[in-house]
Amino acid sequence: MPRETAYLCLRSGSPTPLREVDRYASRRGLDLRDTALARRLVGTEVRRRGTLRAVLAAFVHSKPKADLATLLRLGIAQLLFLDRVPDHAAISETVRCVTDHLGLGKGRTANAVLRSVQRAVLPGASGDPTRDVIGRDLRFEFPVFRDAEEHPHLWAEDALSLPSALHKRWTQRVGREEANRLATLALEEPPLSLRIRSERPREEVRAALGAEGVASTNGRHPRFLLVAPEDASGALASPLFHHGELTVQGEHAFGAAQMLGEVDGLRVLDLCAAPGGKTAAVLESGPQSLVACDLSPHRLQRIRTGFQRLGLEIPALVAMDQARGLGSGARFDAVLVDAPCSNTGVLAQRPGAKWRHGPQGQRALVELQRGLLHSASEHVEPGGVLIHSTCSLESEENEQQVRRFLEEHAGWTLEEELRSAPAAFGAGGPADGGYAARLRAPLS
């Protein structure tokens, strides 16, 4: 059942199959343990899709159709990346699922392919990047991935599951070593990043979490804690979280909200507010008023639910496209645009994003951001502040976007920029990366 549920999520057509797991699991009556396995299967397939495709291609004579390919990738994912699933169970259960959905003949094919993969996987790394499984102490008995020196970007797509075009872009901007580091971070579930909302010392909060059986480590910011993925559910079930003393937020996201500066007594507009993490951080600083907007009424409802847990006064919530529903006379002292983006600074949290945005989609995102910034700027009081924020690492969404805005809007000035790249759990994070810029409107 967990494997079938994972298969149905992946073949649902949803661009975010991980978000489908709970719905499909509930529909099929899965218990918590099987739901967790289904989520792990979907997450592993999405995170490691490039590697799974490369392995599958090395063990089939012709490219299988999409349904069979999806089930085979799930089977290979279990053999390579899920330690708690014995190989015999991974093979037999995957073959059963293939047979149930695609027939006995395809089941026999699946059995042959998966047993061939099982025989070819050996313990221990070889030092050969065409054979070694990144992040696992495993190797293949023959080359499976493309050559790292001759075709570094194609190798990255195979071994690091990062699209070659994105790896090429990162390599040109930050070098191959950093590009590989960022890609490797996205292969595993990230730590849970928690912001401490109370005035209690961080070590006291850590101790309270520890008493609940949840180990944590300090983030780089003094009000942040990081929790390993295996302890995340315990942290979210803790009294500290339930009573709003802790909230889920990345350090970069918090830093972007803080760029608004002192908002006490100011009128603030949050133009792309959902799911509300930055909105909460701003509201805690005591603005005179805050209007939170988003295109999706459902996502705005998540803000309402979250603020109830945090004990915050629910701001004015408005569902609208960009700022078109505000009216030409609406003006605010500070406007935050947390723009839709490619999510390349949070690929560990949103692994499907790396497979969604090709060149055409990227251009569309950049134009959407441009429209949002222009729309937002029309509602900033003279001398007011406009924040452009993304969880992207791509310069065309960040620095280039801001430079173009300044070229097109006379009198506006750039006051500050914030750039963050995600770091490993052991390094204290941050778990998220991105960009933010503070822009100042002309006085007249």
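The values are calculated or read from the model by the stated rules, or taken from the named source; none is laboratory data. Quantities reported herein were computed from a predicted structural model and do not represent experimental measurements. For neighbour counting, all protein chains shown are included, and Cβ atoms are generated from backbone atoms with ideal geometry for every residue, glycine included.
Scanning the stretch 403-423 for residues that are in a strand (DSSP E or B) and either of a type in the set (Lys, Arg) or crowded, with 19+ Cβ neighbours inside 10 Å (or both) yields Arg419, Ser420. Looking only at the stretch 34-66, which residues are among the charged types (D, E, K, R), in contact (Cβ under 8 Å) with a residue 60 or more places away in the chain and either over 17 Å from Leu162 (Cα atoms) or not in a helix (DSSP H, G or I) (or both)? Selection gives Arg48 alone. In the stretch 424-444, the residue that is nearest to Glu394 (Cα to Cα) out of those that are surrounded by fewer than 24 Cβ atoms within 10 Å (Cβ to Cβ) and modelled with pLDDT under 95 is Ala424. Ala57 falls short on exactly one of the conditions (1) at pLDDT 90 or above; (2) among the small types (Gly, Ala, Ser); (3) under 28 Å from Asn343 (Cα atoms), and that condition is (3).
State whether the residues of the stretch 141-149 include one that is closer than 27 Å to Glu394 by Cα, of a type in the set (Asp, Glu) and surrounded by 17 or more Cβ atoms within 10 Å (Cβ to Cβ). There is no residue in the stretch 141-149 that is closer than 27 Å to Glu394 by Cα, of a type in the set (Asp, Glu) and surrounded by 17 or more Cβ atoms within 10 Å (Cβ to Cβ).
Restricting Arg169, Arg136, Arg173, Arg181 to residues that are without any contact (Cβ under 8 Å) to a residue 40 or more places away in the chain, outside the structural domain of Thr44 (by TED's automatic domain parsing) and of a type in the set (D, E, K, R) narrows the list to Arg181. For Val98, indicate whether it is buried (at least 18 other Cβ atoms within 10 Å of the Cβ), over 30 Å from Ala215 (Cα atoms) and in contact with a helix residue (DSSP H, G or I) (Cβ under 9 Å, 6 or more places away or on another chain). Spelling it out, Val98 is indeed buried (at least 18 other Cβ atoms within 10 Å of the Cβ), over 30 Å from Ala215 (Cα atoms) and in contact with a helix residue (DSSP H, G or I) (Cβ under 9 Å, 6 or more places away or on another chain).
Looking across the stretch 231-249, the residues that are over 23 Å from Gly345 (Cβ atoms) and either among the aromatic types (Phe, Trp, Tyr) or assigned to a helix (DSSP H, G or I) (or both) come down to Asp231, Ser233, Gly234, Pro239, Leu240, Phe241, His242.
Quick grid of which residues meet (1) within 25 Å of Leu414 (Cβ to Cβ); (2) not assigned by TED's automatic domain parsing to the domain that holds Glu199:
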{"position": "His221", "(1), (2)": "yes, no"}
{"position": "Ala235", "(1), (2)": "no, no"}
{"position": "Glu262", "(1), (2)": "yes, yes"}
{"position": "Leu271", "(1), (2)": "yes, yes"}
{"position": "Ala281", "(1), (2)": "yes, yes"}
{"position": "Leu290", "(1), (2)": "yes, yes"}
{"position": "Leu310", "(1), (2)": "no, yes"}
{"position": "Ala316", "(1), (2)": "no, yes"}
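All of Arg309, Arg356, Arg302 fail the test of being basic (Lys, Arg), surrounded by fewer than 16 Cβ atoms within 10 Å (Cβ to Cβ) and without any contact (Cβ under 8 Å) to a residue 60 or more places away in the chain, apart from Arg302. Do we find that Ala292 is surrounded by 14 or more Cβ atoms within 10 Å (Cβ to Cβ), in contact with a strand residue (DSSP E or B) (Cβ under 6 Å, 6 or more places away or on another chain) and at negative phi in this structure? For Ala292, the condition - surrounded by 14 or more Cβ atoms within 10 Å (Cβ to Cβ), in contact with a strand residue (DSSP E or B) (Cβ under 6 Å, 6 or more places away or on another chain) and at negative phi - is met.
Taking the options Arg19, Arg73, Arg49, Arg40, name whichever one is among the basic types (Lys, Arg), touching a Phe, Trp or Tyr at 6+ places or on another chain (Cβ under 8 Å) and closer than 27 Å to Lys354 by Cβ.
Among Arg19, Arg73, Arg49, Arg40, only Arg49 is among the basic types (Lys, Arg), touching a Phe, Trp or Tyr at 6+ places or on another chain (Cβ under 8 Å) and closer than 27 Å to Lys354 by Cβ.
Name the residue, out of Ala316, Ala280, Ala292, that is among the small types (Gly, Ala, Ser) and at pLDDT below 85. Spell out the reasoning first.
Numbers: Ala280 fails: at pLDDT below 85; Ala292 fails: at pLDDT below 85.
Exactly one of Ala316, Ala280, Ala292 is among the small types (Gly, Ala, Ser) and at pLDDT below 85, namely Ala316.
Among the residues making up the stretch 161-183, a single one is touching a Leu at 6+ places or on another chain (Cβ under 6 Å) and within 25 Å of Gln249 (Cβ to Cβ): Ala183. Residue-level analysis places Gly426 outside the set of residues that are over 20 Å from His167 (Cβ atoms) and assigned to a loop (DSSP other than H, G, I, E, B).
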